[in-house]
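A quick write-up on the structure given underneath.
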Amino acid sequence: MKQINTINEYNLLFSNLPKPIALVPTMGFLHEGHLSLIREARKSCATLVVSIFVNPTQFSEYEDLDSYPRDLQRDLSLLKAENVDIVFTPKVSEMYDEGFSTWVKVSGITQVLEGKSRPNHFKGVATVLTKLFNIIHPATAYFGQKDAQQAIVIKKLVKDLNYDISIEVLPIIREKSGLALSSRNKYLNEDEKHTATVLYKSLLKARSLKKEGTMESSVILEEMRKIICKEPLVRIDYISINDVNTLEKLKVIGDKALISLAVYVGKTRLIDNIVI
Ligand code: AMP
């Protein structure tokens, strides 16, 4: 496994890399969710590249960029064990040169849910992924359903900008308790970790309501709210039911709907979702 910090180093290697190349973009502090993407990617590519870059442009000034968990040595040993070929670990200055001023903005679908709560988030995400696609030249890139809206935004970006890259989206990996794995779970103490299981419990409630024939979003959302609000430590940012492709708000659930939520547990903002 090679660790590369600069774009130039990658360019020098590129022509000799066996193709196809797969890319798994991450912000590091790896867990089984990331590893599930890496294992799947490993199966179908000749060269597997994992990037670790805590992208400052997708954090607002009020968010946790400085405290975002990092442990590069641990990440590198996990990646080596997964037989990763190249780990791309650029510094911020490598990705954003002095005077950087070009942005990629996906409109429409970035105005709701995470995009509404975190106004410049997807501009940062779309820009950094465009750069990573241009630098690494993958045939396939892997993302988690954990960040459902991000996956939809990336698919749109790839289509609109004519990238010849297939986007694979893999299921959410959870703890036994149902809590979706996230690097940010590191912020939670034991009590909060227990409390955080209400996110998934509320999503399961939504699923069972639909199975029993409840189709009105307002009814489902109210039942979810009741479950979450039993916990004094939590504050709901949003819960929403949207079309899985367009992210249009649904009043009535049809064949398929994305139910997503963002909830503060103590000071930690967690997201989760389910497709029903
Ligand atoms: P991050 O390091 O949080 O930016 O995540 C990198 C990639 O891993 C993104 O595509 C995430 O959606 C994905 N990911 C994060 N957590 C999980 C999880 N629990 N299950 C599956 N994929 C995940």
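Structure values in brief
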item: Pairs where the first residue, in region 72-86, is modelled with pLDDT of 95 or more and the second is part of a helix (DSSP H, G or I), C-beta under 7 Å, 6+ apart; result: Leu78/Leu35; Glu82/Leu35; Glu82/Ile38; Glu82/Arg39; Glu82/Arg42; Asn83/Arg42; Val84/Ile38
item: Selection within region 29-80 - assigned to a loop (DSSP other than H, G, I, E, B) and either within 16 Å of Pro138 (Cβ to Cβ) or within 9 Å of the ligand (Cβ to nearest atom) (or both); result: Phe29, Leu30, His31, Ser44, Cys45, Ala46, Phe53, Val54, Asn55
item: Any hit, region 98-115, residues being within 30 Å of Asn245 (Cβ to Cβ) and within 12 Å of the ligand (Cβ to nearest atom); result: yes
item: Every pair of residues 6+ apart whose Cβ atoms lie under 7 Å, when the first sits in region 1-25 and is touching a residue at least 60 places away in the same chain (Cβ under 8 Å) and of a type in the set (Lys, Arg) while the second is part of a strand (DSSP E or B) and surrounded by fewer than 16 Cβ atoms within 10 Å (Cβ to Cβ); result: none
item: Answer residue from region 166-188, given it is more than 12 Å from the ligand (Cβ to nearest atom) and crowded, with 18+ Cβ neighbours inside 10 Å and is nearest to Asp64 (Cα to Cα) among those; result: Tyr187
item: Elements of type helices (runs of 4 or more DSSP H) in region 127-238, at least 2 residues being modelled with pLDDT of 95 or more, within 26 Å of Leu37 (Cβ to Cβ) and under 21 Å from the mean Cα position of the chain (by Cα); result: 148-160, 197-211
item: Residue within region 127-140 that is under 15 Å from Pro56 (Cβ atoms), away from the ligand (no atom under 13 Å from the Cβ) and in contact with a Phe, Trp or Tyr (Cβ under 8 Å, 6 or more places away or on another chain) present; result: yes
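The values are calculated or read from the model by the stated rules, or taken from the named source; none is laboratory data. No experiment lies behind these values; they were computed from the predicted model shown. Quick reminder, even Gly has a Cβ in these numbers, built from the backbone with ideal geometry, and neighbours come from all protein chains shown.
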